[in-house]
Amino acid sequence: MVVLRNWLVPRIHDLLAVKKALSQWLRARPFWRRALNLPAPRTLSVQEWMDRRPAGDEYHLLDAGLTVDRKIPPTNDPGNLWYYEEKRHAEIDPAFVLKLQEGYVHGHAGAQVLTRDGNYLWDANIEDWLYFKHGFYMDSVLRLPAATRLDGTVAVLSHRNALNNFSHWVFDVLPRIGLLERTVGLRNIDHFLVCHRHKRYEWETLQQLGIPRENVVQLLPNSYFQASTVIFPSISRYNNFSHQPSTLEFLKKSFLPKSPSGKKRRLFISRADASFRRLIGEAKLCRRLAAHGFEVITLAGVSLSDTAALFSSAEMIVGPFGSGLMNICFCPPGCLVVDISAPEFYNPHHWYLSEESGLIYSAYFGNGGVMRPDRPLVSLTKDIVIDVDDCFRFIENRINELAPVA
């Protein structure tokens with residue numbers, strides 16, 4: 001499988017490079033550009049477009065970019081420390097809202113935003129990994145459909161990674177509603193473009209944040225819309241799981257209870273009901289943790305507000321890597337977090353969230369190995385196998401940092 005992937009991926013990239021060259025040739029010729037409804041020849045940044053002073057277009061900078069320096073967390077395997085050294089310094093992109101008159105939105109990869117002149121704005125979009133390497137989708141497209149007209153003002157909330165992924169929905173879609181509130185106001189928006197799957201949590205959270213169902217327009221991969229005003233609230237850049245402070249402030253303001261419970265609970269976030277990336281040995285580990293006051297929690301079907309209230313009462317969170325752990329953003333400062341992961345697939349999001357929320361993070365790696373930069377994609381779903389005794393000792397050392405259970 002790995003040999004096939006290593007042979008196939010470079011050839012796909014070569015084909016995309018050829019397609020991009022053909023697209024550029026067609027777009028540079030006015031007849032073919034009009035006949036095929038292609039974008040303008042040049043891809044621009046948002047700043048380059050605004051430097052042209054387009055009439056009626058607006059750029060609102062809400063949060064300036066940041067530089068962060070994270071602490072390297074405790075881990076059971078020092079062979080993985082190279083990863084934390086590599087990721088500890090990071091740039092967090094500025095948060096902004098872009099307002100385009102007579103703009104276009106294509107549904108590929110969540111959303112592709114174009115100006116009235118057909119210029120593709122690369123930093124107002126997210127790309128999938130194949131196109132990211134050899135230019136953006138709009139740099140290699142060979143034909144676009146006629147745009148469907150939407151009356152009024154349209155806001156773009158789509159994000160390709162949010163499809164069927166609760167964590168990405170919470171962090172890549174919902175905080176952008178907060179950016180809209182800080183600028184144009186939700187009442188001044190007629191339509192919200194969202195790629196969704198009619199999930200219960202999608203409708204619950206949108207409604208709670210003030211977006212009625214009838215104002216949501218499904219953005220499909222082949223959708224192509226034009227509106228008198230297109231509003232684009234910024235997203236975190238490609239594969240960068242860092243957040244502006246305002247992102248976490250908005251989520252807490254929107255979903256945390258007004259009055260904290262004051263409890264100090266110890267929670268184990270289970271993935272026993274998941275179809276992949278389960279923790280092998282979880283039942284045995286949980287029996288031993290019960291003696292230290294841990295409750296086993298399964299979050300399927302629990303609303304975001306109820307989940308936020310639960311996590312806000314925690315003094316320690318333990319669990320295998322998954323969407324459930326992203327709720328640590330609702331934990332009080334000083335809460336301890338133990339993230340149990342497979343070295344074949346480790347995502348730093350929970351480490352980043354812990355640093356941004358004032359939590360004390362540590363990572364336990366199962367599967368008896370260390371992380372590799374070239375880990376295969378199949379490991380995204382691989383179960384996590386742990387030595388229960390060793391894992392319990394690691395967690396117990398963290399428990400000793402807490403006050404005894406009353």
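Numerical summary
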read-out	value
Any hit, the range 197-209, residues being exposed (fewer than 12 other Cβ atoms within 10 Å of the Cβ), assigned to a loop (DSSP other than H, G, I, E, B) and not assigned by TED's automatic domain parsing to the domain that holds Tyr352	yes
Among (1) within 30 Å of Phe394 (Cα to Cα); (2) assigned by TED's automatic domain parsing to the domain that holds Phe192, the one test that Lys99 misses	(1)
Extreme residue, modelled with the lowest pLDDT, among residues of the range 93-139 that are at positive phi and in contact with a helix residue (DSSP H, G or I) (Cβ under 6 Å, 6 or more places away or on another chain)	Gly135
Spans of helices (runs of 4 or more DSSP H) in the range 1-78 with at least 1 residues closer than 16 Å to Arg116 by Cβ	30-35, 46-51
Subset of the range 81-112 (residues that are among the β-branched types (Val, Ile, Thr) and surrounded by fewer than 24 Cβ atoms within 10 Å (Cβ to Cβ))	Ile92, Val97
Verdict on Ala291 being assigned by TED's automatic domain parsing to the domain that holds Leu380, surrounded by 13 or more Cβ atoms within 10 Å (Cβ to Cβ), more than 29 Å from Glu344 (Cβ to Cβ) and small (Gly, Ala, Ser)	no
Ala309 among the aliphatic types (A, V, I, L, M), over 20 Å from Asp387 (Cβ atoms) and surrounded by fewer than 20 Cβ atoms within 10 Å (Cβ to Cβ)	yes
Selection within the range 327-345 - surrounded by fewer than 24 Cβ atoms within 10 Å (Cβ to Cβ) and acidic (Asp, Glu)	Glu344
Qualifying residue in the range 210-227 (condition: surrounded by 19 or more Cβ atoms within 10 Å (Cβ to Cβ), touching a Ser or Thr at 6+ places or on another chain (Cβ under 8 Å) and over 30 Å from Trp32 (Cβ atoms))	no
Neighbours by Cβ (under 9 Å, 6+ apart or cross-chain): first from the range 214-238, among the charged types (D, E, K, R); second in a helix (DSSP H, G or I)	Arg237/Asp123
Filter result (under 18 Å from Phe241 (Cβ atoms) and part of a loop (DSSP other than H, G, I, E, B)) within the range 165-190	Asn165, Val173
Where a residue in the range 160-187 is on the phi > 0 side of the Ramachandran plot and its partner, wherever it lies, is surrounded by fewer than 19 Cβ atoms within 10 Å (Cβ to Cβ) and basic (Lys, Arg), with Cβ under 6 Å and at least six apart	Asn164/Arg197
Breaking point among (1) surrounded by 14 or more Cβ atoms within 10 Å (Cβ to Cβ); (2) over 26 Å from the mean Cα position of the chain (by Cα); (3) charged (D, E, K, R), for Asp63	(2)
Of the criteria (1) outside any helix (DSSP H, G or I); (2) over 20 Å from Lys258 (Cβ atoms), which one Pro332 fails	(2)
Flag if Arg143 is in a loop (DSSP other than H, G, I, E, B), surrounded by fewer than 22 Cβ atoms within 10 Å (Cβ to Cβ) and basic (Lys, Arg)	yes
Residue satisfying all of: in the range 188-199; in contact (Cβ under 8 Å) with a residue 40 or more places away in the chain and more than 16 Å from the chain's Cα centre (by Cα); nearest to Ile235 (Cα to Cα) among these	Leu193
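The values are calculated or read from the model by the stated rules, or taken from the named source; none is laboratory data. Since this is a predicted model, take the numbers as computed values, not measurements. FYI the Cβ positions are ideal-geometry reconstructions off the backbone, even for glycines, and counts take in every protein chain you see.
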